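Worksheet: one structure, shown below.
The values are calculated or read from the model by the stated rules, or taken from the named source; none is laboratory data. Please read all numbers here as calculations on a predicted model, not as lab measurements. Note that each Cβ is placed from the backbone with ideal geometry, even for glycine, and that neighbours are counted across all protein chains shown. For the accessible areas, the whole protein counts, side chains as well, though only heavy atoms, and no ligand, DNA or RNA atoms are used. Shrake-Rupley method; radii C 1.70, N 1.55, O 1.52, S 1.80 Å.
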Amino acid sequence: MREDVNPLPPIESERLKIRKPKRVAAGIPGVAKSFAIGLAEAGISRTLRTMRTVNRFDGYDCPGCAWPDPDHHRSGFEFCENGAKAFATEATKKRLTPEILSAKSVQEWSKMSDMELDKLGRLTEPMVLRENSNHYERIGWKDAFGMISETVGALENPNQAVLYTSGRASNEAAFLWGTLARQIGTNNLPDCSNMCHESSGVALTQSIGIGKGTVKLECFDHADLVLIIGQNPGTNHPRMLSALAQTKRNGGSVISINPLMETGLNRFKHPQEVIRLIGKGTPIADAHYPVRIGGDQALLQGISKVILEEGNLDWKFIDQHVQGFEDWKRNTESLNWDSIVNQSGIEQQRIIELGQAVSKSKNLIICWAMGITQHENAVATIQEASNILLAGGHFGRPGAGACPVRGHSNVQGDRTVGINHHPSESFLAACEQNTGVLMPRESGYDTVGFVHAARQNSVKLFMALGGNILSAMSDTEVVAQGLRNVELTVQISTKLNRSHLVTGKQALILPCLGRTEIDPAGFVTVENSMGVVHSSTGKLPPASEFLRSEPSIVSGIGEACFGDSPFSWPKYGSSHDETRELIESILPGFTDYNKRVRQKGGFYLPNGPRDGPTWNTPSGKATMYVHRFPERAISEDRFILMTIRSHDQYNTTIYGMDDRYRGVFNARRVVMMNPEDMRNLGIHPSDYIDLTSHFNDRTIDSPKWKVVPYEIPRGNLAAYFPEANVLIPLESVAKGSNTPTSKWVEVSVTLRKH
Ligand SMILES: Nc1nc2c(c(=O)[nH]1)N[C@H]1C(S)=C(S)[C@@H](COP(=O)(O)OP(=O)(O)OC[C@H]3O[C@@H](n4cnc5c(=O)[nH]c(N)nc54)[C@H](O)[C@@H]3O)O[C@H]1N2
Ligand SMILES: Nc1nc2c(c(=O)[nH]1)N[C@H]1C(S)=C(S)[C@@H](COP(=O)(O)OP(=O)(O)OC[C@H]3O[C@@H](n4cnc5c(=O)[nH]c(N)nc54)[C@H](O)[C@@H]3O)O[C@H]1N2
Ligand SMILES: [Mo]
């Protein structure tokens with residue numbers, strides 16, 4: 001099926017420029033960039049109108065990241081440079097009309113880069129790619145829904161349908177999407193979280209009884225120590241830097257644990273406080289620990305060792321709240337320093353200093369993101385972080401706790417309202433009672449499970465509520481094979497991406513409204529990284545008169561498949577208040593949903609470890625889980641590659657070709673390498689290399705990468721996502737969460753003779 005469509009971003013022409021990495025994040029260049037980007041894409045009136053309302057109590061929720069907004073006092077502008085890019089790419093004035101899209105074949109479109117595809121502009125009308133055709137054609141909404149209901153009707157069993165969710169979908173859209181899957185009869189609800197913070201959810205649910213963070217934004221005012229592990233806030237959560245600057249101003253310390261010294265963690269200028277922009281900015285990290293890729297579990301266990309030696313534990317808390325302490329103590333004491341130092345790449349003396357700081361802390365926050373979650377031992381590493389927090393009693397009081405920093409702006413809310421491939425019995429029973437729809441009990445596929453099933457021809461219908469599964473998943477070529485086997489693939493999207501080009505036998509594009517746009521059914525709601533549910537109101541006129549909101553599209557599909565009984569699809573498609581009432585009747589914590597979400601700033605969902613502390617675990621206590629760290633021996637000629645985001649992208653949406661803070665310009669197909677390693681291999685800056693990844697007996701080749709000398713631990717490499725995804729084997733996943741190991745890819749390097 002259209003095997004000649006290119007699933008990979010084409011190899012770019014070489015224009016790489018290398019400069020010194022930046023020392024200070026944001027500040028005037030950040031502000032100026034925000035406006036320039038907005039103006040270029042969206043024009044002056046749309047830019048001003050939107051930037052003034054982003055993240056305001058009555059405005060739209062920035063689709064950039066899930067970092068929370070202040071509960072009470074918000075400045076005139078609660079945005080950042082990268083939030084501005086997220087806005088501009090959606091509010092752009094460019095349109096990808098049916099005439100333009102159908103003029104070229106999918107093969108031709110696939111030769112364009114991801115950035116070029118995004119720059120085509122907003123999709124304006126439903127489109128269909130028919131079997132044996134290479135060109136998309138216009139189709140009406142009714143006919144598109146008819147194609148889906150026909151495919152649903154022809155399924156031999158409901159588990160041949162798979163409904164993917166990207167974390168930008170609102171609570172209302174996501175709840176209806178989950179209901180649609182379950183009315184079809186399946187829990188096949190993979191989502192972007194499977195590739196993201198699934199490991200955090202799994203680890204924390206076992207350890208502390210809730211798969212979410214336990215701090216509020218104001219906790220950063222009271223913390224005396226914040227650890228930032230495996231996260232690059234200067235680029236991916238810029239507003240977090242304001243919170244960290246506040247910790248510093250109040251006398252607290254911030255420590256970064258990362259193979260790279262990321263810009264923003266050394267110095268930061270608040271883009272909204274114009275007066276402070278002059279001068280050097282606030283220094284953020286007091287110390288930087290350049291851990292080896294994958295060395296965090298060993299490092300955290302080293303810290304645990306020191307804590308136990310110092311003996312400065314919260315004994316009362318442990319006694320009252322913790323199970324498994326003795327096992328943890330025994331295991332930790334038995335670890336030897338040589339292997340801790342060897343695995344982490346950090347000297348013993350520095351680990352002791354860090355351990356002493358952690359041990360002294362009265363209010364400790366541990367933050368983490370993809371540098372931790374996308375590893376084989378991710379769940380174990382997060383549970384070690386949780387052990388450290390438990391040992392110091394850092395739950396149930398302000399200023400302390402666990403802070404997994406979420407990515408997509410509503411990924412946490414989507415999970416709360418039912419986007420879950422193994423939902424709880426209590427949730428399903430409540431759904432059944434309140435929707436009248438019989439709920440399937442069998443667990444469904446996550447993203448990795450979906451790809452395996454699709455490869456085996458077990459998927460007939462794949463529908464995506466946003467996102468770009470082809471490019472976001474590991475093992476791009478294998479995902480493409482899977483997608484090509486599907487009878488019908490359906491993408492509900494705002495912009496064209498590679499998942500619209502590598503498709504099933506037939507494909508549909510259903511274009512939807514974005515966050516910034518006026519929805520006739522009223523505002524929608526989202527949940528941020530700290531469990532605050534609040535409203536989001538679009539202010540701009542829709543990009544095209546043919547667009548429908550996500551809930552209205554889901555309800556249209558539901559009605560075409562199942563009519564309006566027992567579940568009244570038309571009602572929920574046209575009133576978000578009705579959907580919220582239904583959610584309230586099903587989920588605890590949503591009492592008076594419609595009323596409370598209309599209050600300034602919304603409301604907090606209950607959180608046992610934060611509010612109590614109480615623990616929703618089988619024993620009623622928090623649990624210390626014990627793991628040995630993997631003793632990995634990598635042969636001399638192999639490297640460990642991590643795949644990371646540049647400053648100019650939002651996941652698979654590429655805004656531009658620069659990674660300004662890291663000093664990499666005009667190119668994305670680059671590999672960052674330690675200069676000593678380059679010397680040993682006889683590689684010069686800007687030389688080309690080929691990469692081969694290795695996993696068990698499998699190898700994957702990816703040609704022609706340019707080398708950038710960079711301050712990164714010896715033996716480690718970094719390349720950008722999604723270009724490097726082709727190298728990550730589908731089988732390489734985190735234990736317990738099944739998350740692709742995007743930060744741990746074993747590769748060998750060959751110098752190319754151009
Ligand atoms: N502008 C912008 N904002 C975004 C996104 C975006 O693409 N662009 N994406 C959103 C999403 S969905 C998410 S999940 C978040 C992602 O936010 P991040 O997790 O910050 O994103 P990554 O670029 O994957 O960065 C991972 C960081 O972990 C480090 N790292 C890699 N391996 C290891 C390791 O083994 N140990 C340690 N300690 N560190 C390691 C890398 O050097 C890097 O600094 O951002 C969200 N916000
Ligand atoms: N190698 C590697 N792979 C990774 C990662 C990594 O660090 N390394 N990170 C992983 C992570 S953390 C995540 S979260 C996933 C992301 O996976 P996804 O969420 O699937 O990918 P995105 O790139 O965020 O999706 C972008 C597309 O969403 C659509 N879109 C944008 N706004 C809207 C909207 O309002 N509504 C709808 N319906 N569609 C919209 C547009 O068509 C756009 O092209 O990728 C994962 N993949
Ligand atoms: Mo993410």
request  = Filter segment 411-437 down to the residues that are open to solvent by 10 Å² or more (accessible area, probe 1.4 Å) and charged (D, E, K, R), then identify the one that is nearest to the chain's Cα centre (by Cα).
outcome  = R415
inquiry  = Suppose the filter is within 16 Å of ligand 1 (Cβ to nearest atom) and in contact with a strand residue (DSSP E or B) (Cβ under 8 Å, 6 or more places away or on another chain); does V747 pass it?
reply    = yes
Residues that are surrounded by fewer than 18 Cβ atoms within 10 Å (Cβ to Cβ) and modelled with pLDDT of 95 or more, drawn from segment 628-644 = R638
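Taking the options A380, A357, A429, name whichever one is within 16 Å of ligand 1 (Cβ to nearest atom) and assigned to a helix (DSSP H, G or I). I'd like the intermediate steps shown before the answer.
Working: A357 fails: within 16 Å of ligand 1 (Cβ to nearest atom); A429 fails: within 16 Å of ligand 1 (Cβ to nearest atom).
It is A380.
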request  = Specify the residue that is farthest from the chain's Cα centre (by Cα); the eligible residues are those in segment 674-715 that are part of a strand (DSSP E or B) and of a type in the set (A, V, I, L, M).
outcome  = I689
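Filtering segment 661-673 down to residues that are in a loop (DSSP other than H, G, I, E, B) and either under 30 Å from N336 (Cβ atoms) or away from ligand 1 (no atom under 14 Å from the Cβ) (or both), which residue is most open to solvent (accessible area, probe 1.4 Å)?
First, the residues of segment 661-673 that are in a loop (DSSP other than H, G, I, E, B): 663, 666-669.
If we keep only those that are either under 30 Å from N336 (Cβ atoms) or away from ligand 1 (no atom under 14 Å from the Cβ) (or both) too, we end up with 663, 666-667, 669.
Numbers: G663: 1, N666: 45, A667: 8, R669: 25 Å².
Only one residue tops the list, namely N666.
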message = Residues to consider are I293, I284; find the one that is at pLDDT below 95, open to solvent by less than 20 Å² (accessible area, probe 1.4 Å) and either touching a strand residue (DSSP E or B) at 6+ places or on another chain (Cβ under 8 Å) or of a type outside the set (A, V, I, L, M, F, W, C) (or both).
response = I284
ask   = Going through segment 521-564 one residue at a time, which ones are open to solvent by 40 Å² or more (accessible area, probe 1.4 Å) and in contact (Cβ under 8 Å) with a residue 12 or more places away in the chain?
value = T537, K539, P541, P542, F546, R548, E559, A560, F562
message = For the list (1) farther than 20 Å from N410 by Cβ; (2) open to solvent by less than 10 Å² (accessible area, probe 1.4 Å); (3) assigned by TED's automatic domain parsing to the domain that holds L364, I need the number of the one condition that E218 fails.
response = (2)
request  = Consider only pairs whose beta carbons are under 9 Å apart and that are at least six residues apart or on different chains; among these, list those whose first residue lies in segment 696-710 and is open to solvent by 70 Å² or more (accessible area, probe 1.4 Å) and whose second residue is assigned to a strand (DSSP E or B).
outcome  = T699/T692; T699/S693; T699/S748; D701/D690; D701/L691; D701/T692; D701/S693
request  = Check every one of the helices (runs of 4 or more DSSP H) wholly within segment 83-157 and list those with 2 or more residues that are outside the structural domain of M657 (by TED's automatic domain parsing), open to solvent by 20 Å² or more (accessible area, probe 1.4 Å) and touching a helix residue (DSSP H, G or I) at 6+ places or on another chain (Cβ under 8 Å).
outcome  = 141-153
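Is segment 457-469 home to any residue that is over 20 Å from I419 (Cβ atoms), open to solvent by 10 Å² or more (accessible area, probe 1.4 Å) and part of a helix (DSSP H, G or I)? Spell out the reasoning first.
Let us first name the residues in segment 457-469 that are over 20 Å from I419 (Cβ atoms), namely 457-458, 460.
If we keep only those that are open to solvent by 10 Å² or more (accessible area, probe 1.4 Å) as well, we get 457-458, 460.
Right, trim to part of a helix (DSSP H, G or I) and you get none.
Taking every residue of segment 457-469 in turn, none turns out to be over 20 Å from I419 (Cβ atoms), open to solvent by 10 Å² or more (accessible area, probe 1.4 Å) and part of a helix (DSSP H, G or I).
Among the helices (runs of 4 or more DSSP H) confined wholly to segment 544-593, which include 3 or more residues that are aliphatic (A, V, I, L, M) and assigned by TED's automatic domain parsing to the domain that holds G436? I'd like the intermediate steps shown before the answer.
Values: elements: 550-562, 569-574, 576-586.
Answer list for segment 544-593: 550-562, 576-586.
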ask   = Say we look at segment 620-660 and pick out the residues that are farther than 28 Å from Q297 by Cβ and among the aliphatic types (A, V, I, L, M); which of these is nearest to ligand 1 (Cβ to nearest atom)?
value = I654
Subset of segment 383-394 [open to solvent by less than 10 Å² (accessible area, probe 1.4 Å) and either assigned to a loop (DSSP other than H, G, I, E, B) or within 16 Å of ligand 2 (Cβ to nearest atom) (or both)] = G393, H394
ask   = Any chance segment 415-431 includes a residue that's out of contact with any Cys (no Cβ under 7 Å at 6 or more places or on another chain) and under 20 Å from L308 (Cα atoms)?
value = no
query = Taking H408, is it open to solvent by 20 Å² or more (accessible area, probe 1.4 Å), within 16 Å of ligand 2 (Cβ to nearest atom) and assigned to a loop (DSSP other than H, G, I, E, B)?
reply = yes
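Could you list, in sequence order, all residues of segment 645-655 that are assigned to a loop (DSSP other than H, G, I, E, B) and open to solvent by 10 Å² or more (accessible area, probe 1.4 Å)?
Kept after step one, since they are assigned to a loop (DSSP other than H, G, I, E, B), are these residues of segment 645-655: 645-648, 651-652, 655.
Within segment 645-655, R645, D648, N651, T652, Y655 meet the criteria.
Are any residues in segment 603-612 in contact with a strand residue (DSSP E or B) (Cβ under 8 Å, 6 or more places away or on another chain) and surrounded by fewer than 22 Cβ atoms within 10 Å (Cβ to Cβ), and if so, which ones? So that I can check it myself, show each step before the final result.
Here is the first cut: in segment 603-612, the ones in contact with a strand residue (DSSP E or B) (Cβ under 8 Å, 6 or more places away or on another chain) are 603-605, 609-610.
Within segment 603-612, F603, Y604, L605 qualify.
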note = V341 passes all but one of the listed conditions (1) open to solvent by less than 20 Å² (accessible area, probe 1.4 Å); (2) touching a helix residue (DSSP H, G or I) at 6+ places or on another chain (Cβ under 6 Å); the exception is number (1)
query = Considering Q599, Q649, which residue is assigned by TED's automatic domain parsing to the domain that holds C62 and of a type outside the set (D, E, K, R)?
reply = Q599
Unmet criterion (only one of (1) within 16 Å of ligand 2 (Cβ to nearest atom); (2) open to solvent by less than 20 Å² (accessible area, probe 1.4 Å)) for Y445 = (2)
ask   = Going by the structure shown, is S207 on the phi < 0 side of the Ramachandran plot and within 16 Å of ligand 3 (Cβ to nearest atom)?
value = no
query = Does L641 meet the test of being under 20 Å from E14 (Cα atoms), outside any loop (DSSP other than H, G, I, E, B) and not β-branched (V, I, T)?
reply = no
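Do you know which residues across segment 522-551 are of a type in the set (D, E, K, R) and modelled with pLDDT of 95 or more?
If we filter segment 522-551 for residues that are of a type in the set (D, E, K, R), which is where we start, we get 527, 539, 545, 548, 550.
Of everything in segment 522-551, those that are of a type in the set (D, E, K, R) and modelled with pLDDT of 95 or more turn out to be E527, E545, R548, E550.
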key: Of residues in segment 362-371 being more than 12 Å from ligand 3 (Cβ to nearest atom) and open to solvent by less than 10 Å² (accessible area, probe 1.4 Å), the one farthest from the chain's Cα centre (by Cα)   = L364
task = Go through (1) at pLDDT 95 or above; (2) within 16 Å of ligand 3 (Cβ to nearest atom) and name the single condition F395 misses.
result = (2)
message = Being open to solvent by 20 Å² or more (accessible area, probe 1.4 Å), under 25 Å from N258 (Cβ atoms) and in contact (Cβ under 8 Å) with a residue 24 or more places away in the chain is the requirement here; does G715 meet it?
response = yes
ask   = So how many residues does segment 565-584 have that are more than 14 Å from A173 (Cβ to Cβ), within 29 Å of the chain's Cα centre (by Cα) and touching a residue at least 12 places away in the same chain (Cβ under 8 Å)?
value = 2
